[in-house]
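The values are calculated or read from the model by the stated rules, or taken from the named source; none is laboratory data. Quantities reported herein were computed from a predicted structural model and do not represent experimental measurements. Cβ: placed from backbone, ideal geometry, glycine included. Neighbour counts: every protein chain shown. With ligands, DNA and RNA removed, areas are computed over all heavy atoms of the protein, side chains included. Shrake-Rupley method; radii C 1.70, N 1.55, O 1.52, S 1.80 Å.
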Amino acid sequence: MTDALAAMSPAYPLIVGSLAVLLIRRGVVQDALALLAPLAALALVWLVPEGTSSPLQWLGLGLHPVASDWLARLFGIVVALAAAAGVLFALDRRSTMERASALLYAGAAMGVAFAGDLATLFVYWELMAIGSTLVVLAGGASRAALRYALMHVFGGILFFAGLGVVAAEPGGLALRVFQADSPGSWLLLAGILVNAGAPPVSTWVADAYPRASWSGAVFLSAFTTKAAVYVLIRLLPGETVLVPIGLFMAIYALVYALIENDIRRILSYSIVGQVGFMLVAVGIGSELALAAAAAHAFVHILYKSLLMMAAGAILRATGEIRLSALGGLAKLMPVTAAAMLVGGCSLAAVPFTAGFVSKSAIMASLADDHAALAWFLLTAVSAGSFLYAGLRLPFFALVNGKAPDTVAPLPVSMKLAMLVMAAFNLAIGFAP
């Protein structure tokens with residue numbers, strides 16, 4: 001029984017669920033399967049024993065399709081939670097393509113977390129690009145989907161080229177720590193940074209995510225960039241070049257988030273900024289810094305999914321997403337208003353929210369490392385984040401201006417998904 005579980009990746013229920021969704025007509029059965037798939041994956045996250053699965057021989061390579069430890073479990077838990085909440089939020093969205101693509105996307109992200117070798121990781125890495133591209137396409141944004149796909153093909157080529165070089169080294173395709181001191185490791189780093197939304201290709205995040213459907217953007221905000229952070233923690237911890245890259249991302253994203261008018265573009269820029277925090281911590285590389293980066297990736301998925309849900313709810317109810325055209329929604333959409341407030345406060349690291357816990361750990365790791373400049377700059381960025389996420393978004397969308405006469409009612413499933421994610425953000429804040 002233990003051997004069988006060791007060979008079962010938590011990615012499998014999500015991928016099988018994706019295929020089942022395609023084969024079953026839209027209805028209660030499809031809804032139930034879509035919800036059960038991430039819950040089954042969550043159960044496997046806990047049931048898969050720690051360690052690496054038995055080697056699988058393929059083309060003379062000894063591959064390990066499944067490996068589990070605390071870091072894989074941490075990411076696996078939040079991937080499953082985000083997938084379940086995303087499916088619940090999107091139950092009213094009548095798109096089999098988007099639902100199947102979202103489950104494939106989540107399954108691929110789960111596969112990245114539990115991959116036991118570089119070849120397996122690369123396969124799931126590319127599946128993640130396919131699934132996420134289809135999510136964008138399902139929203140009707142064919143041009144944005146094409147640009148998104150081209151960017152991730154570019155990143156995949158860099159990653160694959162790096163694999164080709166490091167495979168000839170003594171460690172082969174084993175999952176191990178690299179130093180960015182050879183062509184192979186530099187290619188791996190470049191490929192990963194494309195998925196992280198690092199400069200000079202940061203714009204793909206704000207280009208693609210706001211063009212997805214009101215539900216598709218919730219899935220997109222959760223997995224790709226955080227999977228990149230996970231792989232950096234695995235393969236390149238303590239790589240000092242990540243510190244200036246992360247600082248640039250945090251500052252660049254803050255500037256654009258402060259001047260942007262579209263709520264989902266604001267949130268997309270903030271994804272880049274918050275990943276910048278994680279990259280700085282990975283670059284510091286201490287035990288506390290790496291744990292803080294993993295923790296911030298975990299809570300970022302929770303609060304950014306919540307904020308994208310709030311934005312999606314506003315778009316679905318009003319048909320509008322520009323701050324300048326919104327206002328006074330707090331009375332008409334109290335659950336959405338609460339979700340935006342909790343998510344915004346968590347993003348801005350307000351005490352007693354999940355974001356405060358993880359950002360405090362990052363700042364503590366910078367203080368321990370005597371990284372004074374990075375500490376100062378990220379503190380300033382956190383203050384700026386409060387301006388756009390804790391004040392500007394809620395004020396202009398929820399309070400300022402005249403409320404519309406009516407808004408389209410939201411289904412119970414959407415409200416429940418937002419309440420669940422808000423509860424997680426507050427629970428971690430109160431009991432870290």
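Having 3 or more residues that are without any contact (Cβ under 8 Å) to a residue 60 or more places away in the chain is the bar; report the helices (runs of 4 or more DSSP H) wholly within region 120-220 that clear it.
The helices (runs of 4 or more DSSP H) meeting that bar are 142-166, 183-196.
Tell me, yes or no, whether region 165-173 has at least one residue that is over 21 Å from the mean Cα position of the chain (by Cα), more than 30 Å from LEU290 (Cβ to Cβ) and open to solvent by 10 Å² or more (accessible area, probe 1.4 Å).
There is no residue in region 165-173 that is over 21 Å from the mean Cα position of the chain (by Cα), more than 30 Å from LEU290 (Cβ to Cβ) and open to solvent by 10 Å² or more (accessible area, probe 1.4 Å).
Those residues that are within 21 Å of LEU302 (Cβ to Cβ), surrounded by fewer than 18 Cβ atoms within 10 Å (Cβ to Cβ) and touching a residue at least 24 places away in the same chain (Cβ under 8 Å), I need them from region 355-371; list them, please.
Within region 355-371, ALA364 is the sole residue that qualifies.
Out of curiosity, is ILE251 farther than 13 Å from GLY197 by Cβ, open to solvent by 20 Å² or more (accessible area, probe 1.4 Å) and in contact with an Asp or Glu (Cβ under 9 Å, 6 or more places away or on another chain)?
No: the conditions fail for ILE251.
Taking region 254-279 as the search range and keeping residues that are over 17 Å from the mean Cα position of the chain (by Cα) and among the aliphatic types (A, V, I, L, M), which one is most open to solvent (accessible area, probe 1.4 Å)?
Per the stated criteria, the residue is ILE259.
Modelled with pLDDT of 95 or more and either touching a Cys at 6+ places or on another chain (Cβ under 8 Å) or among the hydrophobic types (A, V, I, L, M, F, W, C) (or both): is that true of VAL231 in this structure?
Spelling it out, VAL231 is indeed modelled with pLDDT of 95 or more and either touching a Cys at 6+ places or on another chain (Cβ under 8 Å) or among the hydrophobic types (A, V, I, L, M, F, W, C) (or both).
Quick grid of which residues meet (1) in contact (Cβ under 8 Å) with a residue 12 or more places away in the chain; (2) farther than 21 Å from GLN274 by Cβ; (3) of a type in the set (Val, Ile, Thr):
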| position | (1), (2), (3) |
| --- | --- |
| ALA317 | yes, yes, no |
| ILE321 | yes, no, yes |
| GLY327 | yes, yes, no |
| ALA330 | yes, yes, no |
| VAL335 | yes, yes, yes |
| LEU341 | yes, no, no |
| GLY344 | yes, no, no |
| VAL350 | yes, no, yes |
| THR353 | yes, no, yes |
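Would you mind telling me which numbered condition in (1) within 19 Å of VAL194 (Cβ to Cβ); (2) crowded, with 24+ Cβ neighbours inside 10 Å ILE284 fails?
(1)
Being within 20 Å of the chain's Cα centre (by Cα) and surrounded by fewer than 14 Cβ atoms within 10 Å (Cβ to Cβ) is the filter here, so list the residues in region 390-426 that pass it.
ALA423
Need pairs with beta-carbon distance below 7 Å; first residue closer than 23 Å to PHE178 by Cα and touching a residue at least 40 places away in the same chain (Cβ under 8 Å) and within region 240-265, second open to solvent by 40 Å² or more (accessible area, probe 1.4 Å) and in a helix (DSSP H, G or I); sequence gap 6+ or separate chains.
As it stands, the answer is LEU247/LEU377, since those pairs meet every condition given.
All but one of (1) at pLDDT 95 or above; (2) in contact with a Leu (Cβ under 9 Å, 6 or more places away or on another chain); (3) over 18 Å from LEU267 (Cβ atoms) hold for VAL357; state the number of the condition that does not hold.
(2)
Which condition does HIS296 not pass, out of (1) within 27 Å of PHE430 (Cβ to Cβ); (2) out of contact with any helix residue (DSSP H, G or I) (no Cβ under 9 Å at 6 or more places or on another chain), if it passes all the others?
(2) is the only condition that HIS296 fails.
Restricting attention to region 99-114, does a residue exist that is in contact with an Asp or Glu (Cβ under 8 Å, 6 or more places away or on another chain) and of a type outside the set (Gly, Ala, Ser)?
No, every residue in region 99-114 fails to be in contact with an Asp or Glu (Cβ under 8 Å, 6 or more places away or on another chain) and of a type outside the set (Gly, Ala, Ser).
Just to be sure before I move on: is LEU377 within 21 Å of SER270 (Cα to Cα) and aliphatic (A, V, I, L, M) in the structure I sent?
yes
Report the residue count in region 323-349 for those that are surrounded by fewer than 19 Cβ atoms within 10 Å (Cβ to Cβ) and touching a Phe, Trp or Tyr at 6+ places or on another chain (Cβ under 8 Å).
Qualifying residue count for the region: 2.
In region 174-217, which residue that is β-branched (Val, Ile, Thr) and open to solvent by less than 50 Å² (accessible area, probe 1.4 Å) is nearest to GLN274 (Cα to Cα)?
VAL205
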